[in-house]
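Student: Here it is, the structure in full.
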Amino acid sequence: MVQKVPKVLTPPFPLEGKYPTTLERYSINLYNGMYNRLFPVRPWLFTTSLVGSYALFSSNQASFILSRLPNPFPDSKLFQITRVSLLSLLAAYSPVLILRQILKRFIFSYKGFLFEKKPSLTTKIWAVLRNLLVRNPKLNSCDRLLPKLPIPALSETVNKYLESIEQLFDEQEYKNICHLAESFLKNEGPKLQLYTHLWGLFNNNYVTPFWEKYAYLMNREGLMITSSVAHIDLFKDAPANQAVRAAHVIYIEALSMLSIAKQQLKPLADGLVCSTHYHKMYANTRVPEEDIDHLDSHKLSKHVVVYSKGCFYKVELFDHRNRLYSTEQLSEVLTEILVRKDIPKPGEEKLAALTFDSRPKWSKNRKRFFLENCKNKKALELIEKAMVFLIMDENDTYEYIPEKPEILDNFLKSMLTGDGKNRWVDKSLNYIVAKNGRAGGTTEHSIADGAEFDHIMENFCAMDISFLTYPETVVDIEKLESFEIEKGAKKAEKLEFDISDEMIVEIERCFAEHQPKKDDVDFAATIFRDFGKGLVKKGKCSPDAFVQMAIQLANYKDQGKFSLTYESASSRFYANSRTETLRTVSKDSCAFVKAMVDDSFNDHERLSLLRKACESHGYRNRECMIGKGIDRHLFALYVLSRGTNTNSSFLDHYISQKWLLSTSQPPTLTNQIDEDANKDHSWLGACFAAVAKDGYGICYRFAGNHSICAHITSYKSSDRTDSHRFQKYLIEAFHSMAKLFEIEGVTF
């Protein structure tokens, strides 16, 4: 009997953490820059070719090629060397350039495989060439090879838009919008489309600069809730106290930060998708300004800032040799912080409330309370340059207990909203570790999207589960009277602030103003464990489309109508791309939903309509992936209309529509963890707030093949929504839709 060879686990990034010196950093950037500009040709091969060409041409000055080149200074040795060097460079780089153009024009531009159920001959040839040519890319090796995001035809976008909203308006309203669209296509539309093409000539992506500026950085509201994304840890974590768990978090994130800075992180899909935005993940701060914020990214940092019991501490991550401290050493440092008897100054405990404020007000307070005060400026620089902001939360109730769903509601809601004082909202990453060792995080959305966040989270889980260990004994920190660091790590440095009475008044105002915003968020965390994507696949439906149709059915029962629905789709096959909007509502989705609530339809008809709706949804998703979506094109046209003072009633109507359903799925990207082999190793998912005051926000993920995590947000101040009511309808939809599969023998 042949024994099955166990799979060899490979860590997502190098386990040796060394912070590069200035010279090493320069050398790494130089080498990676060369590697990426020559890829798929290796630097050593190019150098060999260059040296060989130089040797050939310099030893044969009368060669056919050199003899044909102008030689105005035949007696100048320097000119002859320069002449031969340039010719050698041209000879060595020309094959590289040709190969890179082949990659860009065919390998990285071909998308036919997305629309084929069985691979065509072209796809097979493409796959073979891709495997031969695209080997071992670094994180950003392929970013320059990705094609530009295509600009769709104007009429195509407008027609798709009209089709997407037909089910959302009555006949007369729809006719009025069609008239606006016709006028747009005849009048201002072509001019704005021309501006879009001209803008695209000078940018590698015609959408992303506008999207980052106007959708994120120009937002003047407070960022917490409106621009935050939250996540929490696993179904069941290894037992650990707060210090040990926090040490694991910052240890893994430090390795992740180093791997991104050194481009050692393996790119997704072997570089077929954009990796540009990873470098904004760590040591990044969104700096508030009066009119528009900006991102201040350092990429690397030697420390984190820890918030514990109302005080702020700088914790060094690396020793005097620039080696990353071990988890044991970091645990000691954090334990020592927790045992300290430090008492925060008046106003210090709630100091971070200032970052919860609206951006113009925080910008003014940042200048007068921090930048104009030497002590506070120094502390602010340490916070803003930190790898992450780590919160040692005093809550000990964060947990997932299936029998007590309200505990998970509170856990996830706390990650999303904070308590008004325990986040440094500007930081790209806030990590939160509770007293009982449960962990989560809050991410500022302007830096990146779900793909980057999910990739980082999957790497974290893989590292924590497969490559790190926890102490067998869980030390009760609260019983420690004192604690001394014994393993050589540096003791944490308490940050000092100069807090005036005027500053305290502003701190208290910001804290008080956040409380009703936090309390207004209505949260329903859902861990649906009756079945997962495995059953949906057996039912011959796309899992994502299945959940989207369930959301449509639940919303129809909840609201009595169809609502404008946003699903985040990826356009990352293109240079510097982020997301596109997949509009879930369609004629097919509405036909399915109506059949589910109409007793005149039988289950065979309903199943047929479900599969048709899922197929239609999948096709439109693939169109978004190849740059044929609707919304980013219309958004760019709208921005250009404002920038050129071009009046457009059609675009004004478009931009005024509210997304009453905002949905997103954090996809599984790396398959590093077998979530079915051990269900407790599934992570519990992420969440974000509803974008409309009368709407819902729904973030869902598939936990292996066994569960669906779907977290629902709305606002208590709205009399039209109720997150737990929607949750009830969603679970009913899951069950009623899965029951349709039973007619073909697929059961759960």
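The values are calculated or read from the model by the stated rules, or taken from the named source; none is laboratory data. Worth saying up front: this structure is predicted, and the values here are computed from it rather than measured. Cβ atoms come from the backbone with ideal geometry, glycine included; neighbour counts cover every protein chain shown.
Student: What do you reckon, is L660 touching a residue at least 24 places away in the same chain (Cβ under 8 Å), crowded, with 20+ Cβ neighbours inside 10 Å and over 23 Å from F592 (Cβ atoms)?
Tutor: Numbers: touching a residue at least 24 places away in the same chain (Cβ under 8 Å): yes; crowded, with 20+ Cβ neighbours inside 10 Å: yes; over 23 Å from F592 (Cβ atoms): no.
Against the criterion (touching a residue at least 24 places away in the same chain (Cβ under 8 Å), crowded, with 20+ Cβ neighbours inside 10 Å and over 23 Å from F592 (Cβ atoms)), L660 does not qualify.
Student: Within region 498-513, does at least one residue satisfy the condition of being within 30 Å of R720 (Cβ to Cβ), modelled with pLDDT of 95 or more and not hydrophobic (A, V, I, L, M, F, W, C)? Lay out the reasoning, then the answer.
Tutor: First pass over region 498-513, keeping only residues within 30 Å of R720 (Cβ to Cβ): 510-513.
From the residues that got through so far, the ones that are modelled with pLDDT of 95 or more too are 510-513.
Narrowing the set further to residues that are not hydrophobic (A, V, I, L, M, F, W, C) leaves 513.
Yes, there is a match, as at least one residue in region 498-513 is within 30 Å of R720 (Cβ to Cβ), modelled with pLDDT of 95 or more and not hydrophobic (A, V, I, L, M, F, W, C).
Student: Among the residues of region 392-403, which ones are over 20 Å from L684 (Cα atoms) and out of contact with any helix residue (DSSP H, G or I) (no Cβ under 9 Å at 6 or more places or on another chain)?
Tutor: Quick first cut of region 392-403, residues over 20 Å from L684 (Cα atoms) only: 392, 394.
Matches in region 392-403: E394 only.
Student: Now a separate question. Return the residue satisfying two criteria in turn: it lies in region 640-655 and is under 29 Å from the mean Cα position of the chain (by Cα), of a type in the set (A, V, I, L, M, F, W, C) and surrounded by 22 or more Cβ atoms within 10 Å (Cβ to Cβ), and of such residues it is farthest from Y161 (Cα to Cα).
Tutor: Among them, the one singled out is L640.
Student: The conditions are (1) in contact (Cβ under 8 Å) with a residue 24 or more places away in the chain; (2) more than 27 Å from L684 (Cβ to Cβ), and P209 fails exactly one of them. Which is it?
Tutor: Among (1) in contact (Cβ under 8 Å) with a residue 24 or more places away in the chain; (2) more than 27 Å from L684 (Cβ to Cβ), P209 violates only (1).
Student: Further question on the same structure: Kindly indicate whether any position in region 186-199 is out of contact with any strand residue (DSSP E or B) (no Cβ under 8 Å at 6 or more places or on another chain), modelled with pLDDT under 95 and assigned to a loop (DSSP other than H, G, I, E, B).
Tutor: Looking only at region 186-199, we keep the residues that are out of contact with any strand residue (DSSP E or B) (no Cβ under 8 Å at 6 or more places or on another chain), and these are 186-199.
From what is left, the residues that are modelled with pLDDT under 95 are none.
No, every residue in region 186-199 fails to be out of contact with any strand residue (DSSP E or B) (no Cβ under 8 Å at 6 or more places or on another chain), modelled with pLDDT under 95 and assigned to a loop (DSSP other than H, G, I, E, B).
Student: Inside region 323-363, can you point out the residues that are in a helix (DSSP H, G or I) and aromatic (F, W, Y)? Walk me through it before giving the result.
Tutor: Taking region 323-363 first, the residues in a helix (DSSP H, G or I) are 327-339, 351-356, 359-363.
F356, W362, listed by residue number.
Student: So in region 356-369, with the set limited to residues that are crowded, with 22+ Cβ neighbours inside 10 Å and of a type outside the set (D, E, K, R), which one is farthest from I499 (Cα to Cα)?
Tutor: Within region 356-369, the match that is farthest from I499 (Cα to Cα) is F356.
Student: Go through (1) buried (at least 17 other Cβ atoms within 10 Å of the Cβ); (2) modelled with pLDDT of 95 or more; (3) in a loop (DSSP other than H, G, I, E, B) and name the single condition L730 misses.
Tutor: Evaluating L730 over (1) buried (at least 17 other Cβ atoms within 10 Å of the Cβ); (2) modelled with pLDDT of 95 or more; (3) in a loop (DSSP other than H, G, I, E, B) leaves (3) as the failure.
Student: Still on this structure, please answer the following. Of the residues N131, N136, which is at positive phi and either surrounded by fewer than 16 Cβ atoms within 10 Å (Cβ to Cβ) or among the aliphatic types (A, V, I, L, M) (or both)?
Tutor: N136
Student: Take K364 and tell me if it is farther than 23 Å from D291 by Cα, in the same structural domain as L412 (by TED's automatic domain parsing), of a type in the set (K, R) and touching a residue at least 60 places away in the same chain (Cβ under 8 Å). Don't jump to the end; show me each part of the working.
Tutor: Working: farther than 23 Å from D291 by Cα: no; in the same structural domain as L412 (by TED's automatic domain parsing): yes; of a type in the set (K, R): yes; touching a residue at least 60 places away in the same chain (Cβ under 8 Å): yes.
Judged against the criteria, K364 is not a match.
Listed here are the residues, each with its yes/no results for (1) over 26 Å from A240 (Cα atoms); (2) touching a Lys or Arg at 6+ places or on another chain (Cβ under 8 Å).
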residue: D319; (1), (2): no, yes
residue: Y325; (1), (2): no, no
residue: T335; (1), (2): no, no
residue: K341; (1), (2): no, no
residue: T355; (1), (2): yes, yes
residue: R359; (1), (2): yes, yes
residue: F370; (1), (2): yes, yes
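Student: Among the candidates N205, N219, which residue alone is more than 25 Å from I698 (Cα to Cα) and either in a loop (DSSP other than H, G, I, E, B) or at pLDDT 95 or above (or both)? Give the steps one after another, and end with the answer.
Tutor: Numbers: N219 fails: more than 25 Å from I698 (Cα to Cα).
The unique qualifying residue is N205.
Student: Is there any pair linking a residue in region 462-473 that is in the same structural domain as I250 (by TED's automatic domain parsing) and in contact (Cβ under 8 Å) with a residue 24 or more places away in the chain to one that is small (G, A, S) and surrounded by 14 or more Cβ atoms within 10 Å (Cβ to Cβ), with Cβ under 7 Å and at least six apart or on different chains, and which?
Tutor: Sorted first by the residue in region 462-473, then by its partner, the pairs are Y470/A238; Y470/A240.
Student: Look through L162, L185, L194 and report the one residue that is surrounded by fewer than 19 Cβ atoms within 10 Å (Cβ to Cβ), free of Cβ contacts under 8 Å to residues at least 12 places away in the same chain and not charged (D, E, K, R). Show your work before the answer.
Tutor: Values: L162 fails: free of Cβ contacts under 8 Å to residues at least 12 places away in the same chain; L185 fails: free of Cβ contacts under 8 Å to residues at least 12 places away in the same chain.
The conditions single out L194.
Student: If you don't mind, another one. Within region 512-548, restricting attention to residues that are among the acidic types (D, E) and surrounded by fewer than 18 Cβ atoms within 10 Å (Cβ to Cβ), which residue is farthest from A230 (Cα to Cα)? Before you say what the answer is, go through the steps one by one.
Tutor: Of the residues in region 512-548, the ones among the acidic types (D, E) are 513, 519-520, 522, 530, 544.
Going one step further and asking which of them are surrounded by fewer than 18 Cβ atoms within 10 Å (Cβ to Cβ), we end up with 513, 519-520, 530.
Working: E513: 21, D519: 17, D520: 17, D530: 25 Å.
Among them, the one singled out is D530.
Student: If I filter region 230-275 down to residues being touching a Ser or Thr at 6+ places or on another chain (Cβ under 7 Å) and assigned to a strand (DSSP E or B), which single residue comes out as nearest to F108 (Cα to Cα)?
Tutor: Residues of region 230-275 touching a Ser or Thr at 6+ places or on another chain (Cβ under 7 Å): 230, 234-235, 243-244, 247-248, 251, 265, 267, 271, 274.
Adding the requirement that they be assigned to a strand (DSSP E or B) leaves 230, 234.
On the way: A230: 33, L234: 36 Å.
For region 230-275, the residue satisfying everything is A230.
Student: Would you be able to tell me the number of residues in region 134-161 that are out of contact with any Phe, Trp or Tyr (no Cβ under 8 Å at 6 or more places or on another chain), assigned to a helix (DSSP H, G or I) and either assigned by TED's automatic domain parsing to the domain that holds V585 or within 30 Å of G189 (Cβ to Cβ) (or both)?
Tutor: 6
Student: If I ask for residues that are without any contact (Cβ under 8 Å) to a residue 40 or more places away in the chain and surrounded by fewer than 17 Cβ atoms within 10 Å (Cβ to Cβ), which ones from region 663-675 would you list? Walk me through it before giving the result.
Tutor: Initial filter on region 663-675 (without any contact (Cβ under 8 Å) to a residue 40 or more places away in the chain): 671, 674-675.
Of everything in region 663-675, those that are without any contact (Cβ under 8 Å) to a residue 40 or more places away in the chain and surrounded by fewer than 17 Cβ atoms within 10 Å (Cβ to Cβ) turn out to be N671, D674.
Student: Quick check: is even one residue across region 401-414 crowded, with 17+ Cβ neighbours inside 10 Å and outside any helix (DSSP H, G or I)?
Tutor: Among the residues of region 401-414, not one is crowded, with 17+ Cβ neighbours inside 10 Å and outside any helix (DSSP H, G or I), which makes the answer no.
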